[in-house]
1. Could you list all residues from the stretch 289-313 that are farther than 14 Å from residue 369 by Cβ, aliphatic (A, V, I, L, M) and crowded, with 18+ Cβ neighbours inside 10 Å?
2. Taking the criterion of being among the acidic types (Asp, Glu), in a loop (DSSP other than H, G, I, E, B) and either more than 30 Å from residue 40 (Cα to Cα) or free of Cβ contacts under 8 Å to residues at least 40 places away in the same chain (or both), would at least one residue in the stretch 342-365 satisfy it?
3. Among the residues of the stretch 314-360, what is the count of those that are among the aliphatic types (A, V, I, L, M) and surrounded by 17 or more Cβ atoms within 10 Å (Cβ to Cβ)?
4. Would you check which residues across the stretch 81-135 are touching a Pro at 6+ places or on another chain (Cβ under 7 Å), part of a helix (DSSP H, G or I) and closer than 24 Å to residue 220 by Cβ and list them?
5. Only one of (1) loosely packed, with under 15 Cβ neighbours inside 10 Å; (2) modelled with pLDDT under 95; (3) under 28 Å from residue 326 (Cα atoms) is not met by residue 216, so which one is it?
6. Please give the number of the condition residue 64 fails out of (1) crowded, with 17+ Cβ neighbours inside 10 Å; (2) part of a helix (DSSP H, G or I).
Amino acid sequence: MSAASNNKIVKWVDERLPIFTMVQHSAVEYPTPRNLNYWWNFGSLAGFALVIMILTGLFLAMSYTAHVDYAFLSVERIMRDVNYGWLLRYMHANGASMFFIVVFTHIFRGLYYGSYKPPREILWWVGLVIMLLMMATAFMGYVLPWGQMSFWGATVITNLFSAIPVVGGDIVTWLWGGFSVDNPTLNRFFALHFLLPFVILGVVVVHVWALHTVRSNNPLGIDVKSPQDTIPFHPYYTIKDLFGIGVFMMFFAVFLFWMPNALGHPDNYIPANPMVTPSHIVPEWYFLPFYAILRAVPDKLGGVLLMFASILVLAALPWLDTSKVRSCTFRPVYKWFFWLFVADTFVLGYIGGMPAEEPYIAIGQMATAWYFIHLLIITPLVGWLEKPKPLPESISSPVVKSGAATEAARNAA
């Protein structure tokens, strides 16, 4: 426990509940690969964003009224009459977008550096569970302001479950709490939206536990081979994470103070009206790629299955990727396919926000086809055929060689 063990109170507590020892081992002495770059900041940023969402949501819940007659007005009251209510509401609404930006970047980093490969399969699966829970929480939260897009988004998305054979109708009735989206629906969604972030927090603990069991991956994608390959997490990566949080907060502040409604939909400032259907119903931006996949198939059940398959197929990546090299740094062919896949997801996001008409339908179908072709065909095929670059002997060797080369050049000068 280092210096903390000299404190008698700390020592007394730690002998009975070794919480200080656990923190010392997990957050201070934890051996971390010495070559982690700033892409590894996004894990801690995701945890930071989750804390922001839980705290702001807790204070918003104190002034929110989960009733169809008062929900919209209670949100307006929070914005206008509650002290700093506007700040809490905008932090929560834009914080959801920031959370998804961070998590999506975290996932793409994992894809690029092969962080889903053995022995990190369960770590990868737990991360996907977190993403699914985030989506469920965000969808239910989007319904709570009870604006036009909230109401009609809830109607459209919940109706998708009716496509499931035999039990689909019962699932929809259970979600609605009746036979249409109404007050019972709003109450259920509010209760679940309040509960699920704490479930996410619990799964995040499991995620970190799994990470500390199998150790962090690194940009080279090779295993730690000696103590020289690692450094303590604190102070090296705590300082790096704090710098990342500072940059993140500046990015967040741009939306929070200068464009707080840029990522939302203007129709949600109109009270929900079951008698008036918006001309174009769209979900929040972070659902748009999956919405495009859903619309790529004319059949309702087929679209629902394909949408869920687009996430579940990621769970099979540890076996679909047949290459024994983790990092795309040493995979000259697959690297280009990876960036094409990233571009494809942006295309899907754009198409998801467009009307269901040509040429958007055809483009969405092609982008959806490529999404699955990349994961199911390109990934295993390139893994078999590609000749990767030679891997370094250890994590330390590139640093040592670079330092030796710099010293030699300095002596020659």
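The values are calculated or read from the model by the stated rules, or taken from the named source; none is laboratory data. It should be emphasised that the depicted structure is a prediction, and the values quoted were computed from it without experimental measurement. So basically every Cβ, Gly included, is an ideal-geometry build from the backbone, and we count neighbours across all protein chains shown.
1. 294, 304, 307
2. Within the stretch 342-365, one or more residues are among the acidic types (Asp, Glu), in a loop (DSSP other than H, G, I, E, B) and either more than 30 Å from residue 40 (Cα to Cα) or free of Cβ contacts under 8 Å to residues at least 40 places away in the same chain (or both).
3. Summing the residues that are among the aliphatic types (A, V, I, L, M) and surrounded by 17 or more Cβ atoms within 10 Å (Cβ to Cβ) in the stretch 314-360 gives 8.
4. Matches in the stretch 81-135: 121, 124.
5. The failed condition is (1).
6. Going through (1) crowded, with 17+ Cβ neighbours inside 10 Å; (2) part of a helix (DSSP H, G or I) one by one, residue 64 breaks only (2).
Residue-wise test of (1) in the same structural domain as residue 47 (by TED's automatic domain parsing); (2) modelled with pLDDT of 95 or more; (3) out of contact with any strand residue (DSSP E or B) (no Cβ under 6 Å at 6 or more places or on another chain); (4) surrounded by 18 or more Cβ atoms within 10 Å (Cβ to Cβ).
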site	(1), (2), (3), (4)
138	yes, yes, yes, yes
150	yes, no, yes, yes
155	yes, no, yes, yes
161	yes, no, yes, no
165	yes, no, yes, no
177	yes, no, yes, no
186	yes, yes, yes, yes
197	yes, yes, yes, yes
200	yes, yes, yes, yes
